[in-house]
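Novice: Please find one structure pasted underneath; my questions will follow.
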Amino acid sequence: MSDAGRQGRPGERGPGGDHWFDDDAGPVVRPYAMTRGRTSTATRQRLDLIALVVPEPAAADPGRDQTLSPEHVEIVQRCGDFPRSIADLAAGLDLPVGVVRVLVGDLVEDALVHVTRPVPPAELPDVSILREVINGLRAL
Amino acid sequence: MVYGRSSSGDPDRPGDPDRSGGLPGPARARRPADPVALKLLVAGGFGVGKTTLVGAVSEIRPLRTEEDLSEAGRPLDDLRGVEAKSTTTVAMDFGRITLRDELVLYLFGTPGQDRFWFLWDELAQGALGAVVLADTRRLAECFAAVDYFERRGIPFLVAVNCFDGAERFPAATVRAALDLDDRVPLLMCDARERESVKEVLATVVEHALALTTRDRAPAVRG
C-alpha cells in the first residue's frame, strides 16, 4: 500500500494494521462509526432538518472536552459564525443527516449548543415575517 | 409533536424515563436572537426540473439521509416496497436562501421516487408551503404530490414548467386536468429562469400568508 494509506486517519486501518484498501474502495469508515454505532442520543427530540444549531457560551472552547471527536469540534466551529441547520451541516460535512443528528445531540447533552425548533407557520408569532419573506424573495 | 420556540436537552434529568418526549427543557430564557428558519418543498415527478428550480435561486447542495425506517416510526403501509431494508440512503436537493442574518429560507426537493414517500412526512412537517412542479407532457406524475399536499392542508401551488418544445396548454385546461381547487394558484414558469422561480416562490408564500390570515380571522368558525 502507498504512503497515502499509511497516513490515513486512525480507524481506516484494517484489522491487523494492514492497508488492504485503496481510494477506489470508497469510504471504509461506515458513517455511524463516527457516532460509535449510535443511531440516536439521549436527547429525546428528533432534530428537524431545519433546526438551527446555536452555540452556547461554553462552546467558545470546545477543545476542553476531550471526549469530543473532530467532527463534534467541526460542527461547533461551523456554527460559530452564524447558526446552521442540521441540513446545512450534513451537506457541508458530507455526512448523512442521521449521523449529524447524533453528533449534534451529543453537543446538546454537553450544553455546548442549543437547537431551535422550527416554528410551524400557523404558530408564527407575527405574520409580518411572511411578508418579509415575500419581499425578500422578489428582491433577490 | 410539540413545538416550542427553542429548547435543548434536559441535562437536569438525564435519566428521566418519561418518553413522552419533545417537551422543551427547563425554563430556558427565550433568546430573541434565535434566528428563524422556514422551509418550502419542491415536489413533482422525476426529471420535471426540481433540481433546476432549486438551483436557479440558491446554492444547491446534495443532502444525504441514511434513514432507519423502523426508527422513523412510519405506519407500515408507508413502507411498501422497502420491507426488506431497515435503512436506506436517499439523496435529495437542498438549497438555502439567506434573506437576512436571522431569516433563512430552505428549499427541499422531495425525492421523486414513490418509494421515498416516507421521507415526505418529515419534510412536510412544519413546511411553510410547497411547489408542485408539473410537466404538461406527463401531468399524471404530479397527481400524487397534489393529493399529498391537499390531504395535509399544506399551502401549495402548481407551477407548470414550460419546457422548450412542449405544447402550451391554457391554465384552465391544466387546472381541469388536475382537478385543482379554485383557490390553489397555478402559474406557468421556467425553472431555469431566476426571475421566474423567484415569482413562483413568492407566490407560494403569499398563498400561505393568505391562508394563515384567513385561519386567524376571528369568529369565522362557528
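Novice: Output yes when any residue across the stretch B:115-123 is more than 9 Å from every other protein chain (Cβ to nearest Cβ), under 9 Å from the mean Cα position of the chain (by Cα) and modelled with pLDDT of 90 or more, and no when none is.
Specialist: Checked against the condition, which is being more than 9 Å from every other protein chain (Cβ to nearest Cβ), under 9 Å from the mean Cα position of the chain (by Cα) and modelled with pLDDT of 90 or more, the stretch B:115-123 yields no hits at all.
Novice: Looking only at the stretch A:90-108, filter to residues that are of a type outside the set (V, I, T), over 18 Å from B:G126 (Cβ atoms) and not in a loop (DSSP other than H, G, I, E, B); which one of those is farthest from the other protein chains (Cβ to nearest Cβ)?
Specialist: Taking the candidates together, the pick is A:L103.
Novice: Against the conditions (1) in contact (Cβ under 8 Å) with a residue 12 or more places away in the chain; (2) under 25 Å from B:T65 (Cα atoms), where does B:D147 fall short? Just the number, please.
Specialist: Condition not satisfied by B:D147: (1).
Residue-wise test of (1) under 27 Å from B:G126 (Cβ atoms); (2) in contact with a Lys or Arg (Cβ under 8 Å, 6 or more places away or on another chain); (3) part of a helix (DSSP H, G or I).
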residue	(1), (2), (3)
B:I154	yes, no, no
B:A159	yes, no, no
B:F163	no, yes, no
B:R168	no, no, no
B:A176	no, no, yes
B:D181	yes, no, no
B:R192	no, no, no
B:V197	yes, no, yes
B:V200	yes, no, yes
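Novice: Additional query: How many residues are in contact with a helix residue (DSSP H, G or I) (Cβ under 7 Å, 6 or more places away or on another chain) and within 10 Å of A:L47 (Cβ to Cβ) if we restrict to the stretch A:104-138?
Specialist: Residues that pass the stated criteria total 2.
Novice: So which of A:A122, A:A111 ends up being surrounded by fewer than 21 Cβ atoms within 10 Å (Cβ to Cβ), part of a loop (DSSP other than H, G, I, E, B) and facing chain B (nearest Cβ under 7 Å)?
Specialist: Being surrounded by fewer than 21 Cβ atoms within 10 Å (Cβ to Cβ), part of a loop (DSSP other than H, G, I, E, B) and facing chain B (nearest Cβ under 7 Å) holds for just one of A:A122, A:A111, which is A:A111.
Novice: Taking the stretch A:61-84 on its own, how many of its residues are surrounded by 12 or more Cβ atoms within 10 Å (Cβ to Cβ) and either without any contact (Cβ under 8 Å) to a residue 12 or more places away in the chain or not hydrophobic (A, V, I, L, M, F, W, C) (or both)?
Specialist: Looking only at that region, the number is 13.
Novice: Can you pull out every residue in the stretch A:68-89 that is small (G, A, S) and facing chain B (nearest Cβ under 7 Å)?
Specialist: Residues satisfying the conditions are A:S85, A:A87.
Novice: Could you tell me whether A:D106 is of a type outside the set (G, A, S) and closer than 23 Å to B:K39 by Cα?
Specialist: no
The values are calculated or read from the model by the stated rules, or taken from the named source; none is laboratory data. Here the structure is a predicted model, which is why all the values come from computation and not from measurement. Cβ sites come from the backbone with ideal geometry, for glycine too, and all protein chains shown count toward neighbours.
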